[in-house]
1. Fewest first, what order do A:Asp137, A:Asp121, A:Asp160, A:Asp129 take by the number of other Cβ atoms within 10 Å?
2. Enter the angle in degrees (range 0 to 90, nearest 10) between the Cα long axis of helix A:4-18 and the first principal axis of the Cα atoms of chain A, meaning the one along which they spread out most.
3. When ranked by the protection proxy of mean other Cβ atoms within 10 Å per residue, highest first, what sequence do the peptides A:176-182, A:111-117 form?
4. Taking only the Cα atoms of chain A, how large is their convex hull per residue, in Å³?
5. Do the sum for chain A: with -39,500 (n - 2.57) for every DSSP H run of n ≥ 4, divided by all residues, what is the mean residue ellipticity at 222 nm, to the nearest 500 deg cm²/dmol?
6. Along the Cα-to-C-beta direction of A:Arg148, a point sits 7 Å from the Cα; which residues of segment A:179-204 have their amide N less than 19 Å from that point?
7. Return A:Cys135, A:Cys271 ranked ascending by Cβ neighbour count within 10 Å, so the fewest neighbours appear first.
8. Take A:Tyr261, A:Tyr195 and order them by how many other Cβ atoms sit within 10 Å, fewest up front.
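Bear in mind these aren't lab numbers, they're just calculated from the coordinates by the rules spelled out. These figures come from a predicted structure and were not determined experimentally. Ideal geometry is used to build each Cβ from the backbone, glycine not excepted, and the neighbour counts take in all protein chains shown.
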Amino acid sequence: MPELPEVETVMRGLSAVLAGRRIVRAEVRREGMRFPFPPGLKERLEGRRVLGFRRRGKYILMRLEGGESVLIHLGMSGRMVARRAGAPPAPRFGPQGAASDARGGTAPPDAHEHLVIETEDGMRIGFVDPRRFGCVDLVPTAEEDRHRLLRGLGPEPLDDSFTPEVLSAALAGRRTSIKAALLDQRVVAGLGNIYACEALFRAGISPRRAAHTIPGERAARLVSAIKAVLEESIRAGGSSLRDYVRADGEIGAFQERFAVYGREGQRCERCPGPPRCRGGIRRIVQAGRSTFYCPLTQR
DNA sequence: CCTGACCCCTGTGAGC
DNA sequence: TGCTCACAGGGGTCAG
């Protein structure tokens, strides 16, 4: 589910309730998710103070007192739910929230809550992930970037070091499509299916174009588009498809500004008209994932 | 090396 | 109303 803007938003929400606080209780409710939890996770969390947070691609790193960091990935369906300890679970948010509550819902709100921590000042944070594609690990803080899941990540797209030259170099020799290449976290860290589509639309580049044909001016436009769409989404609090909510319970708003994602058949905002592009925004499948694009303005 | 297919898992909406 | 199917924001592994 979450891509860079959503992960950034979740991390900020976690920081607001956790940074500087001590973890007084941890509850590990299953063996693991994508991977087994590290041995002794509960004991290694309890009693430790949270020093701070950072994000690397779609990973959250929570630095703890004692030289260890918690590495968190939200997978497709992961979310963090914060509430006061003892307070009842919040009702489900999202497009179908009220309706599903009225029907009684299919599962209690904290089903699939795999990990819970409580702070000294009475906050309770649950990691909920129905599909369990997410993961949690512990890593020595001094070696965060050498963790096997972080080691191969490409540049941070919002860093100044992510330049057209860097992107072109990463794409050189790649025969695959630019869309598939942007989903490869070794090329650039943090883009997912939505923002890859949105960035290509903004840059006016066809998702079907071969990755190695993006040098020079095209790479410059693409880098600018990636930075712009990610920054705008972060400013909007990320996007809230399905039941994703921010850690503070507020929903993000960026999904209302998708130009192409999920808009098959609709007309593209950039096609001057009439006549607008016939058939409108198209959906194709690349490497098993849906791609949305405008065949007229993306070349 | 690079590439795409397959798999992990549950929930949801569309169509019948 | 209830069933089946396709699909969903990710990414590791494996065969070619």
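1. A:Asp160, A:Asp121, A:Asp137, A:Asp129
2. 20
3. A:176-182, A:111-117
4. For chain A, the hull spanned by Cα atoms encloses 138 Å³ per residue.
5. Taking each H run of at least 4 residues, the total per residue is -7000 deg cm²/dmol.
6. Backbone N within reach: A:185-186.
7. Sorted ascending by nearby Cβ count, the order is A:Cys271, A:Cys135.
8. Lowest count first: A:Tyr261, A:Tyr195.
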